[in-house]
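Asks: Attaching a single structure in structure tokens format; questions to follow.
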Amino acid sequence: MKEINFSRIEKKWQKKWEEKKIFEVSEKSKKKKYYVLDMFPYPSGEGLHMGHAFVFSLGDIYARFKRLQGFNVLYPIGYDSLGLPAENAAIKAGEHPADYTKKSMKNFMKQQKAMGWSYDWSRVLWSHDPEFYKWDQWIFLKMLEKGIAYRKKAPVNFCEKCQSVLANEQVIDGKCWRHEDCDVEVKHLEQWFLRITKYAEDLLKGLDKIDWPENAKKRQRNWIGRSEGTEIDFEINGEKWPVFTTRPDTIFGVTFVVVSAQHNKLIDLVTPEREKEVQKFLKKIKSVSEKEMEDMEKEGVFTGSYATNPINGKKVPVYAGNFVLAEYGSGMVMAVPAHDQRDFEFAKKYGIDIDVVIQPIGENESYDGKSMKEAFVGYGKLVNSEGFNGLKSEEAKGHITTALKIKKLGREKIQYKLRDWLISRQRYWGTPIPVVYCDKCGIIPVDEKALPVELPKKVKFGKGNPLETNDKFVNVKCPKCSGKGRRETDTMDTFANSSWYYLRYTDSGNKKKIFDSKNANYWCPIDQYIGGPEHITMHLIYVRFYTKFLKDLGLIRFDEPALKYFTQGIVHASDGAKMSKSKGNVVEPLEIIEKYGADTLRLALVSSASPDKDIIWDEKIVLGSNKFLKKVYEYFNNLKFGKVDAKTESKLNKTIKEVTENVESFKHNLAIIKIRALFDSFSDEGIDKKTAEGFLKILHIYCPFITEELWEKIGGKGFVSLSDWPKVDEKKIDEKFEKAEEAVEKTVSDIMNILKIVKEKNGKEAERVYIYVIPNEINRYDSDELSKRVGKSVGVFAVNDKAKIDPEGKSKKAKPGKPGIYVE
RNA sequence: GCGGGUAUGCCGGAGCGGUCAAACGGGACGGACUCAAGAUCCGUUAGCUUAGUGCUUACAAAGGUUCGAAUCCUUUUACCCGCACCA
């Protein structure tokens, strides 16, 4: 077989598509819209990796599919070019992030075109463009106005390597999400936050109306972490201190109260005589990282104060403890050692009373605080709880809450695990936060008209935030009083950009507005979003939050960004580990393209397994795809149109039907098997034009280059890229052809079996084969084909053929669908 | 600790109550073609048995539901992933 010059074909069609701008779309189309989106990539200097090749191919396949189905498909691309990774990479390369990013993007574009992805390049955007991040700043100002953005001092996660604070979502196992070897430290700093918690309930409820994988929804629900409980006021030194509990039924068992060691009002609780002890304890805690904290034993120190239990007036000691989160609930808990394992351990350690107030129902055993080995955390019957004795836990919760409500010392409360989003980063390569600090006026937002606050190019990289090294940037007039002001030098978390970029695509050139609502409402929400599992609790929470906020602003009509979401698997290296440069196991898409062609790579990536599963890269997976495409090319290249035959028509229609369903549900592995089977059934005598076109169309979504080339070759009109998805003609699907085919297969295997047995018996091979077929099935069996399959000369006779050769009368064994066989 | 997932033949991987010794690809083996190699084509690839048949053992392990299980349920084991002192 002649080598096929894939590279020539690819370049040719890349150029044609680009020249004719065939993937550019407009809102004016009469077709129904469809918005397909892959998450926009961070343009790393290393170019595309296999994971990119995989996800974006999935997006492109789907976009092409919908386009052929007659939708007005928006399939845009952009670059998440702002952010820490770019800054760090640039510093390492000794370049300015702006230059570095520009180069990286160029490289990315080249490779993306090489992959054949059908983007509307006219809408391309990059987040380091001031015309883009201007709107980041604009949204921020709106959030400030609405009280969604705010500043507070809080214990925050700090990564030494990033030299910056991190969001809660960016801390993984106590480590920085970018630096697996860097423990995150807890620091107390004043920072900017976005009040995502205000949308906690909406974020939870919205999940019910979107078509996302159940797993993704569960993880988000888990992350939002709604729990219903009671907020109870404990009085300490004449002041009310609320605590949150999901177990108000255990309130009579409270023997102490613990306030978080990170609580900002902790000092108010400490009595003078305990101050030294408490300070010692705090110092000890401070020196441990968050990671170590997790493995640490529960520890605490008595503050010297006592809290009054509102239900019975009992006074209990107040401790400061390392196991209470300052950021959850009120940063303080009521401790019931008999019925909570952490409280139990703490009480044991410090010799605090353990009062049992719940006894299990239906068990002989009853608990006693002194002899307990661990806390009884289950539900049961109340004891030692005054008027509530005998109630079941479930009932008692309500009754006790009501009793507290009457005293105005308690109330029902819904608590979420979700924290407000910390967006300040002490780094250069991000969207500047548009505020100015003025000694007189305080925190003053930059005027909308003065946006964007541009990142100055001249900064010095080194220790600390590079932005502070540019005096012109830092020292500005106060927008309010025109006095001396100091500009905020923190920049925004990179996830701010990705939280609304999908909207900008709908009107990317707009210089006056963030986007035209008409355009956004036309294209959005995204019909099919595609991305990795790692984004479920970061980007996908944030983008939903921004969408809800922008809806509240009245800019858009919908409150969920993506109706459908597909999570693709991760591409692992051949050693099973993640592909990474340091491990030296990276395979670059470009290498494979050069060797086998882009179509081969695209086909291979989605046919090796179901795309929602992780795949282990192995060059072998490319081999089969490559062979197949060569055969296809060869076949069509030499194709002379033949006649339509009912069998092929049936097969074609059936294949189209099945492939359509498979593509719709991202089961490309199965779709491709069917496409291959269809091809295998094509006769050497050629196929008719309609069949040829149908085949090329369905293959096209996977292999756009070669199919364009062959489309042209067989005289197709225009581009296949802009043709139409073949319609299924159910009437043409006839199962009898399948049955006939199966019968032939069975006959072949029967013959092979007999040949084998005969060889074993006689010690030598038979030379000829005769089969005897029921007369009306005679057309199913072709002598030449059978001979080829079996590797022997096969004679085909009808059972009633007088001239048949049948020395052993085997023709009598023939049945419908099962010919008699004789070998000699 | 909580939550999610996965376990299939030499390998990757379909299958999700009967039509399953199990799609498809890769590998291996045998054959055709060739002077030869490659490519291509055909076949074989659990075991025994048999002129195209039948049987046995099989889908991590053990139980169960069912007329019937790779497929459903329970328990166990192993691996992967997410969350994690959330009161």
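Asks: Checking the condition surrounded by 18 or more Cβ atoms within 10 Å (Cβ to Cβ) and at positive phi, which residue from A:GLY351, A:GLY321, A:GLY313, A:GLY331 passes? Can you show your working first?
Replies: Numbers: A:GLY351 fails: surrounded by 18 or more Cβ atoms within 10 Å (Cβ to Cβ); A:GLY321 fails: at positive phi; A:GLY313 fails: surrounded by 18 or more Cβ atoms within 10 Å (Cβ to Cβ).
Just a single option satisfies the conditions, and that option is A:GLY331.
Asks: I'm trying to understand the selection: among the residues of the range A:310-336, which are in a loop (DSSP other than H, G, I, E, B) and more than 14 Å from RNA strand B (Cβ to nearest atom)?
Replies: First, the residues of the range A:310-336 that are in a loop (DSSP other than H, G, I, E, B): A:310-314, A:322-331, A:336.
Matches in the range A:310-336: A:PRO310, A:ILE311, A:ASN312, A:GLY313, A:LYS314.
Asks: OK, next. Can you name every residue in the range A:806-824 that is more than 9 Å from RNA strand B (Cβ to nearest atom) and open to solvent by 80 Å² or more (accessible area, probe 1.4 Å)?
Replies: The answer is A:PRO816, and nothing else.
Asks: Another question, if that's okay. With the checklist (1) surrounded by 12 or more Cβ atoms within 10 Å (Cβ to Cβ); (2) near RNA strand B (Cβ under 9 Å from one of its atoms); (3) part of a helix (DSSP H, G or I) in hand, flag the one item A:ILE771 doesn't pass.
Replies: Unmet for A:ILE771, out of (1) surrounded by 12 or more Cβ atoms within 10 Å (Cβ to Cβ); (2) near RNA strand B (Cβ under 9 Å from one of its atoms); (3) part of a helix (DSSP H, G or I): (3).
Asks: Now for a different question. Name every residue in the range A:784-797 that is open to solvent by 20 Å² or more (accessible area, probe 1.4 Å) and either touching a strand residue (DSSP E or B) at 6+ places or on another chain (Cβ under 7 Å) or small (Gly, Ala, Ser) (or both), in order of residue number. Can you show your working first?
Replies: The initial filter retains those residues of the range A:784-797 that are open to solvent by 20 Å² or more (accessible area, probe 1.4 Å), namely A:784-785, A:787-789, A:791-793, A:796-797.
Across the range A:784-797, the qualifying residues are A:SER787, A:GLY791, A:LYS792, A:SER793, A:VAL796, A:PHE797.
Asks: Related question: State whether one or more residues within the range A:379-389 are closer than 29 Å to A:ILE224 by Cα and either away from RNA strand B (no atom under 11 Å from the Cβ) or crowded, with 19+ Cβ neighbours inside 10 Å (or both). Spell out how you get there, then give the answer.
Replies: Taking the range A:379-389 as the starting set, the residues that turn out to be closer than 29 Å to A:ILE224 by Cα are A:379-380.
This time we only want the ones that are either away from RNA strand B (no atom under 11 Å from the Cβ) or crowded, with 19+ Cβ neighbours inside 10 Å (or both), so: A:379-380.
Taking every residue of the range A:379-389 in turn, at least one turns out to be closer than 29 Å to A:ILE224 by Cα and either away from RNA strand B (no atom under 11 Å from the Cβ) or crowded, with 19+ Cβ neighbours inside 10 Å (or both).
Asks: If you take the residues of the range A:594-621 that are farther than 18 Å from A:ALA671 by Cβ and in contact with a helix residue (DSSP H, G or I) (Cβ under 7 Å, 6 or more places away or on another chain), which of them is farthest from RNA strand B (Cβ to nearest atom)?
Replies: Restricting attention to the range A:594-621, the residues satisfying the condition of being farther than 18 Å from A:ALA671 by Cβ are A:594-598, A:614, A:616-620.
From the residues that got through so far, the ones that are in contact with a helix residue (DSSP H, G or I) (Cβ under 7 Å, 6 or more places away or on another chain) too are A:596-598, A:617.
Values: A:TYR596: 13, A:GLY597: 15, A:ALA598: 18, A:TRP617: 10 Å.
Only one residue tops the list, namely A:ALA598.
Asks: In addition: Scan the range A:737-753 and give yes if some residue there is β-branched (Val, Ile, Thr), more than 10 Å from RNA strand B (Cβ to nearest atom) and touching a residue at least 12 places away in the same chain (Cβ under 8 Å), otherwise no. Outline the logic, then answer.
Replies: Filtering the range A:737-753 down to residues β-branched (Val, Ile, Thr) leaves A:744, A:747-748, A:751.
Okay, now just the ones that are also more than 10 Å from RNA strand B (Cβ to nearest atom), so none.
Looking through the range A:737-753, none of the residues is β-branched (Val, Ile, Thr), more than 10 Å from RNA strand B (Cβ to nearest atom) and touching a residue at least 12 places away in the same chain (Cβ under 8 Å).
Asks: Within the range A:730-749, does at least one residue satisfy the condition of being of a type in the set (D, E, K, R), in contact with a helix residue (DSSP H, G or I) (Cβ under 6 Å, 6 or more places away or on another chain), at pLDDT 90 or above and open to solvent by 10 Å² or more (accessible area, probe 1.4 Å)?
Replies: First, the residues of the range A:730-749 that are of a type in the set (D, E, K, R): A:730-732, A:734-736, A:738-739, A:741-742, A:745-746.
If we keep only those that are in contact with a helix residue (DSSP H, G or I) (Cβ under 6 Å, 6 or more places away or on another chain) as well, we get A:732, A:734.
So of that shortlist, the ones also at pLDDT 90 or above come out as A:732, A:734.
Remaining after also requiring open to solvent by 10 Å² or more (accessible area, probe 1.4 Å): A:732, A:734.
Yes, the range A:730-749 has at least one match.
Asks: Restricting attention to the range A:408-450, which residues are modelled with pLDDT under 95, part of a loop (DSSP other than H, G, I, E, B) and among the basic types (Lys, Arg)?
Replies: Within the range A:408-450, A:LYS417, A:ARG419, A:ARG427, A:LYS440 qualify.
Asks: For the range A:395-439, give me the residue count where each residue is closer than 27 Å to A:SER482 by Cα and either within 16 Å of RNA strand B (Cβ to nearest atom) or among the hydroxyl-bearing types (Ser, Thr, Tyr) (or both).
Replies: The total comes to 4.
Asks: Can you confirm whether the range A:626-645 contains a residue that is within 11 Å of RNA strand B (Cβ to nearest atom), under 30 Å from A:PRO533 (Cβ atoms), open to solvent by 30 Å² or more (accessible area, probe 1.4 Å) and touching a residue at least 60 places away in the same chain (Cβ under 8 Å)?
Replies: Within the range A:626-645, none of the residues are within 11 Å of RNA strand B (Cβ to nearest atom), under 30 Å from A:PRO533 (Cβ atoms), open to solvent by 30 Å² or more (accessible area, probe 1.4 Å) and touching a residue at least 60 places away in the same chain (Cβ under 8 Å).
Asks: If you go through the range A:58-99 one residue at a time, how many are out of contact with any strand residue (DSSP E or B) (no Cβ under 8 Å at 6 or more places or on another chain), within 18 Å of A:GLU24 (Cα to Cα) and small (Gly, Ala, Ser)?
Replies: Going through the range A:58-99 one residue at a time, the tally reaches 1.
Asks: If I filter the range A:345-368 down to residues being outside any loop (DSSP other than H, G, I, E, B), in contact with a strand residue (DSSP E or B) (Cβ under 9 Å, 6 or more places away or on another chain) and over 16 Å from A:GLY380 (Cβ atoms), which single residue comes out as nearest to RNA strand B (Cβ to nearest atom)?
Replies: Our first condition is that a residue be outside any loop (DSSP other than H, G, I, E, B); within the range A:345-368, this holds for A:345-350, A:358-359.
So of that shortlist, the ones also in contact with a strand residue (DSSP E or B) (Cβ under 9 Å, 6 or more places away or on another chain) come out as A:346-347, A:349-350, A:358-359.
Filter once more, keeping what is over 16 Å from A:GLY380 (Cβ atoms): A:346-347, A:349-350.
Numbers: A:PHE346: 9, A:ALA347: 13, A:LYS349: 12, A:TYR350: 15 Å.
So, considering only residues that are outside any loop (DSSP other than H, G, I, E, B), in contact with a strand residue (DSSP E or B) (Cβ under 9 Å, 6 or more places away or on another chain) and over 16 Å from A:GLY380 (Cβ atoms), the one nearest to RNA strand B (Cβ to nearest atom) is A:PHE346.
Asks: Quick check: is even one residue across the range A:552-563 more than 14 Å from the chain's Cα centre (by Cα), of a type in the set (Phe, Trp, Tyr), under 19 Å from A:ASP38 (Cα atoms) and modelled with pLDDT of 95 or more? Give the derivation first.
Replies: So in the range A:552-563, the residues more than 14 Å from the chain's Cα centre (by Cα) come out as A:552-560.
Imposing the further condition that a residue be of a type in the set (Phe, Trp, Tyr) reduces the set to A:558.
Cutting the leftovers down to under 19 Å from A:ASP38 (Cα atoms) gives us none.
No.
Asks: In the range A:298-308, which residue that is surrounded by fewer than 20 Cβ atoms within 10 Å (Cβ to Cβ) and within 14 Å of RNA strand B (Cβ to nearest atom) is nearest to the chain's Cα centre (by Cα)?
Replies: Among them, the one singled out is A:LYS298.
Asks: Just to check your reading of the model, which residue among A:TYR702, A:TYR781 is touching a helix residue (DSSP H, G or I) at 6+ places or on another chain (Cβ under 6 Å), hydroxyl-bearing (Ser, Thr, Tyr), open to solvent by less than 40 Å² (accessible area, probe 1.4 Å) and within 14 Å of RNA strand B (Cβ to nearest atom)? Show your work before the answer.
Replies: Details: A:TYR781 fails: touching a helix residue (DSSP H, G or I) at 6+ places or on another chain (Cβ under 6 Å).
The conditions single out A:TYR702.
Asks: Here are some conditions: (1) in contact with a Gly (Cβ under 8 Å, 6 or more places away or on another chain); (2) among the hydrophobic types (A, V, I, L, M, F, W, C); (3) open to solvent by less than 60 Å² (accessible area, probe 1.4 Å). A:VAL663 meets all but one. Which one does it not meet?
Replies: (1)
Asks: Only strands (runs of 3 or more DSSP E) wholly contained in the range A:177-268 count here; list those with 1 or more residues that are on the phi < 0 side of the Ramachandran plot and surrounded by fewer than 19 Cβ atoms within 10 Å (Cβ to Cβ).
Replies: On the way: elements: A:184-194, A:227-236, A:239-245, A:256-260.
Passing ranges, in order: A:184-194, A:227-236, A:239-245.
Asks: In addition: Report the residue count in the range A:137-157 for those that are over 17 Å from A:PHE495 (Cβ atoms) and either modelled with pLDDT under 80 or polar (S, T, N, Q) (or both).
Replies: Of the residues in the range A:137-157, 2 are over 17 Å from A:PHE495 (Cβ atoms) and either modelled with pLDDT under 80 or polar (S, T, N, Q) (or both).
The values are calculated or read from the model by the stated rules, or taken from the named source; none is laboratory data. Keep in mind it's a predicted model, so treat the numbers as computed, not measured. For neighbour counting, all protein chains shown are included, and Cβ atoms are generated from backbone atoms with ideal geometry for every residue, glycine included. Heads up: the accessible areas ignore ligands, DNA and RNA and are worked out on the full protein's heavy atoms, side chains in. Shrake-Rupley method; radii C 1.70, N 1.55, O 1.52, S 1.80 Å.
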